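Q: Got a structure for you, questions after.
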Amino acid sequence: MTADPTLVLLLSGVNLNLLGDREPAIYGTETLADHVETARTTAAPLGLRIEDLQSNAEVDLVEAIHGARRRCAAIIINPGAFTHYSWAIHDALAAFDGPVVELHLSNPDAREPWRRTSVVAPVATGTISGFGGDGYRLAVEAVARLLGVSPS
């Protein structure tokens, strides 16, 4: 099976289902649905499609990454707290052949020391952090450039 060159998997990890309510001073008032819509709106004129999944269960994200192999062109992942300790997500992403963009609403490097370690970063093509909801637009644009896609 060959990857669909237009399909991008957008993964959202633990606690991101609470966006809009959880610590709005840090994460903003937009919901995860708002961010997914931003990604879709950005992707459409580029000829890309967004498939999204949010889960608080590490196994669901790992299985989604496995399922993206030879099916999706790229992955955008906001792992939430899994960023800091999920070697399972790290290993799954390492087995994915396309671009991987790590995404964070806040800037982990400007927060508590334990947030400054990412086990995802070593297997990501790049990381976008600290731009709030704009990060979703930036991540899709970065994936498009990495895939050599231009607006249609």
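Q: Can you list the residues, at least 5 places off or on another chain, whose amide H is less than 5 Å from the amide H of Gly126, using H built in the peptide plane?
A: Under 5 Å from the amide H of Gly126 lie the amide H atoms of Val100, Glu102, each far enough along the sequence or on another chain.
Q: Assuming 0.36 nm per residue, please report the length gained on full extension of the stretch Glu23 to Ala121 beyond their Cα-Cα distance. Mind showing how you got there, number by number?
A: On the way: separation 98, 0.36 × 98 = 35.28 nm, distance 2.42 nm.
Using 0.36 nm per residue and subtracting the Cα-Cα distance, I get 32.9 nm.
Q: Additional query: Set the Förster distance to 35 Å, then compute FRET efficiency between Arg71 and Asp134 from the Cβ-Cβ distance, nearest 0.05.
A: 0.80
Q: Sort Arg145, Arg69 so that the residue with the fewest other Cβ atoms within 10 Å of its own Cβ comes first and the one with the most comes last.
A: On the way: Arg145 12, Arg69 15.
The fewest-first ordering by Cβ neighbours comes to Arg145, Arg69.
Q: Please report, in debye to the nearest 20, how large the charge dipole of the stretch 1-144 is about its Cα centre when each Lys and Arg carries +1 at its beta carbon and each Asp and Glu carries -1 there.
A: Values: 10 positive and 18 negative charges, 50 e Å.
Rounded to the nearest 20 debye, it is 240 debye.
Q: Between Ala94 and Ala81, what length in nm is gained on full extension when 0.36 nm per residue of separation is reduced by their alpha carbon distance? Write out the running numbers ahead of the final one.
A: Numbers: separation 13, 0.36 × 13 = 4.68 nm, distance 1.86 nm.
Extra length available between Ala94 and Ala81 comes to 2.8 nm.
Q: Return one quarter of the surface area of the convex hull spanned by the alpha-carbon atoms of the stretch 1-85, equal to its mean projected area, in nm².
A: Details: hull surface 23.0 nm².
That works out to 5.8 nm².
Q: Follow-up. For the chain, give me the percentage of DSSP beta bridges that are antiparallel, rounded to the nearest 5 percent. Don't skip to the end; give the middle numbers.
A: Values: 0 of 19 bridges.
The antiparallel proportion sits near 0 percent.
Q: Taking every pair of distinct Cα atoms and averaging 1/r, then inverting, what Kirkwood hydrodynamic radius in Å comes out for the chain?
A: Numbers: mean 1/r = 0.0659 Å⁻¹.
Taking every pair of different Cα atoms in the chain, averaging 1/r and inverting gives 15.2 Å.
Q: Under 19 Å from the 7 Å Cα→Cβ point of Asp4, by amide nitrogen: which residues of the stretch 116-152?
A: In the stretch 116-152, the label zone of Asp4 (backbone N under 19 Å from the point 7 Å along Cα→Cβ) covers 140-141, 143-145, 147-150, 152.
Q: Moving on. Which of Val101, Val59, Val120 moves the most in a Gaussian network model of the chain with Cα springs under 10 Å?
A: Highest fluctuation of the listed residues: Val59.
Just so you know, all these numbers are worked out from the coordinates, no wet-lab data involved. In this text, all values refer to a predicted model and were calculated from it rather than measured experimentally. Glycine also receives a Cβ, built like all others from the backbone with ideal geometry; neighbour counts cover every protein chain displayed.
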